[in-house]
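The values are calculated or read from the model by the stated rules, or taken from the named source; none is laboratory data. None of these values were measured; they are calculated from a predicted model. Here the Cβ is made from the backbone with ideal geometry for all residues, glycine too, and neighbour counts use every protein chain on show.
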Amino acid sequence: MNVLPFPFTDVTASEEDLLPAPALCTVDEVMTRNVVSVRPDTSAETLAALMLEHHISGLPVVDEAGHLVGMVSKTDLVRAQNCVDTETISPLPYGQHELNGTTVDDLMTPHVLAISTATPLSEAARRMAEAGVHRLPVVSRSGALRGVLSTSDIVRWVAGLP
């Protein structure tokens with residue numbers, strides 16, 4: 001006899017409720033298309049404001065032609081702030097930071113892992129896990145930014161949400 005210690009309801013998904021297997025689904029079906037991006041000459045202050053305004057922790061960095069040149073994250077901002085020699089600097093008033101004059105070019109990670117829209121979702125998820133990243137830029141063959149695939153996009157897909 002198989003007795004369960006809690007109430008159990010057998011829920012069987014209908015054919016329509018089943019998601020395509022991750023190996024059959026492509027990045028194009030799941031990625032975020034309308035992506036906030038920055039240029040290398042964007043100030044650190046503007047970068048921080050964009051991150052806060054759009055509730056995002058990382059952005060692709062693109063050149064004048066819209067081609068991916070790197071990624072920048074909140075961690076990059078924090079790392080740059082923490083690199084300041086605090087022993088030789090007097091405390092600053094609230095709202096002033098040692099990153100004045102710092103640009104995205106000073107903070108970003110260049111030559112990042114990127115994927116194409118045709119990449120299977122399972123492959124993209126594997127690459128994210130192996131690299132320990134939470135987002136991958138999606139680019140065209142010419143390197144133009146097409147979108148970003150994030151772990152949140154994958155979770156939304158798993159949950160069946162738009």
**Request:** Give the range 107-161 a look and list any residue that's within 13 Å of the chain's Cα centre (by Cα) and in a loop (DSSP other than H, G, I, E, B), or say none.
**Result:** V112, L113, A114, G132, V133, H134
**Message:** Looking at G58, G66, can you tell me which residue is on the phi > 0 side of the Ramachandran plot and modelled with pLDDT of 65 or more?
**Reply:** G66
**Message:** Of all residues being hydrophobic (A, V, I, L, M, F, W, C) and in a strand (DSSP E or B) in the range 44-79, which is surrounded by the fewest Cβ atoms within 10 Å (Cβ to Cβ)? Just the residue, please.
**Reply:** V69
**Message:** Going by what's in this entry, would D41 be described as at pLDDT 95 or above, part of a loop (DSSP other than H, G, I, E, B) and over 17 Å from R146 (Cβ atoms)?
**Reply:** yes
